[in-house]
Amino acid sequence: MTRTPAVRLDDDGRHILWSHECNFLDLASAGIAGREPSLWHPDVLLPLNDDRGWRVESTDPLTVSPSILCGSCGTHGFWRDGRWISA
């Protein structure tokens, strides 16, 4: 069963926490990198309000911009009005 990506603000309000299914496994310490069955990756930290970061346009419901893209698996979409919209 595929889970919908999730986005929320962290407790200190300085990052967006993004969770999504990703099929890229990178265990550098074990020397393993490659494709695996989709795994749920919780709480990837995305920086807010800097040159490389995202902006919170609304907190209730949560809306952030620009879009979010996983460079490993290609999951791409927008978090608008508290829900994920695939690109």
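The values are calculated or read from the model by the stated rules, or taken from the named source; none is laboratory data. Just so it is clear, the model here is predicted, and its values are computed rather than measured. Cβ placement follows ideal geometry from the backbone for every residue including glycine, while neighbour counts extend to all protein chains displayed.
Residue by residue, here is whether (1) at pLDDT 75 or above; (2) loosely packed, with under 15 Cβ neighbours inside 10 Å; (3) within 11 Å of the chain's Cα centre (by Cα) holds:
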position: D11; (1), (2), (3): yes, yes, no
position: L17; (1), (2), (3): yes, no, yes
position: S29; (1), (2), (3): no, yes, no
position: R35; (1), (2), (3): no, yes, no
position: H41; (1), (2), (3): no, no, yes
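Go through region 67-83 and give me each residue that's more than 12 Å from V7 (Cα to Cα) and modelled with pLDDT of 90 or more.
H76, the sole residue that qualifies.
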